[in-house]
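Take a look at the structure set out below.
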Amino acid sequence: AMTPDCVVVVDATGEQHRMLLDQCRSLDQLRDFLPGILSQCRPDRARIQWWYIDRDQYDFVIDDGTNVTQLTRESDVWSTIEAGTKIIMRVI
């Protein structure tokens, strides 16, 4: 069950990870939690994702089914993220 103060971060392999809303208030904050997120993945899936992360070939978006909003460092969207939001990591 989703707790009221959680968001879902979907990694580049489609695995879903619950995170506290307060851990997802900026791009830097979300990036700081990537090692913890990927440590929950199978080693082969984590290794593939680290390859892209090390080359800065990834981004985070919110896809609500209608619109895709890229989350950049300067984005105003960070302050409007609510519990239950899905943040998706994409490899480029």
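The values are calculated or read from the model by the stated rules, or taken from the named source; none is laboratory data. This is a predicted model, so every value here is computed, not measured. Positions of Cβ are backbone-derived with ideal geometry, glycine not excepted, and every protein chain shown enters the neighbour counts. Surface areas here come from the heavy atoms of the whole protein model, side chains and all, with no ligands, DNA or RNA. Shrake-Rupley method; radii C 1.70, N 1.55, O 1.52, S 1.80 Å.
For segment 4-11, state whether one or more residues are touching a residue at least 24 places away in the same chain (Cβ under 8 Å), over 23 Å from Glu74 (Cβ atoms), open to solvent by 20 Å² or more (accessible area, probe 1.4 Å) and β-branched (Val, Ile, Thr).
At the first step, the residues of segment 4-11 found to be touching a residue at least 24 places away in the same chain (Cβ under 8 Å) are 4-11.
Those still in the list that are over 23 Å from Glu74 (Cβ atoms) too: 4-6, 8, 11.
Right, trim to open to solvent by 20 Å² or more (accessible area, probe 1.4 Å) and you get 4-5.
Narrowing the set further to residues that are β-branched (Val, Ile, Thr) leaves none.
No, because not a single residue in segment 4-11 is touching a residue at least 24 places away in the same chain (Cβ under 8 Å), over 23 Å from Glu74 (Cβ atoms), open to solvent by 20 Å² or more (accessible area, probe 1.4 Å) and β-branched (Val, Ile, Thr).
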- Query: Hey, any hits in segment 23-32 for a residue that's polar (S, T, N, Q), at pLDDT below 95, part of a helix (DSSP H, G or I) and more than 12 Å from Lys86 (Cα to Cα)?
  - Reply: yes
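Go through the residues of segment 48-56 one by one and say whether even a single one is in a loop (DSSP other than H, G, I, E, B), more than 9 Å from the chain's Cα centre (by Cα) and at positive phi.
Here is the first cut: in segment 48-56, the ones in a loop (DSSP other than H, G, I, E, B) are 55-56.
From what is left, the residues that are more than 9 Å from the chain's Cα centre (by Cα) are 55-56.
Next cut, at positive phi only: 56.
Yes - at least one qualifying residue is present in segment 48-56.
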- For segment 44-58, does any single residue satisfy the condition of being surrounded by fewer than 11 Cβ atoms within 10 Å (Cβ to Cβ), under 15 Å from Arg90 (Cβ atoms) and among the charged types (D, E, K, R)? yes
- Can you name the residue in segment 17-43 that is touching a residue at least 24 places away in the same chain (Cβ under 8 Å) and open to solvent by 80 Å² or more (accessible area, probe 1.4 Å) and, of all such residues, is nearest to the chain's Cα centre (by Cα)? Arg25
- Query: Restricting attention to segment 61-84, which residues are surrounded by 11 or more Cβ atoms within 10 Å (Cβ to Cβ), out of contact with any Ser or Thr (no Cβ under 9 Å at 6 or more places or on another chain) and not in a loop (DSSP other than H, G, I, E, B)?
  - Reply: Val68, Gln70
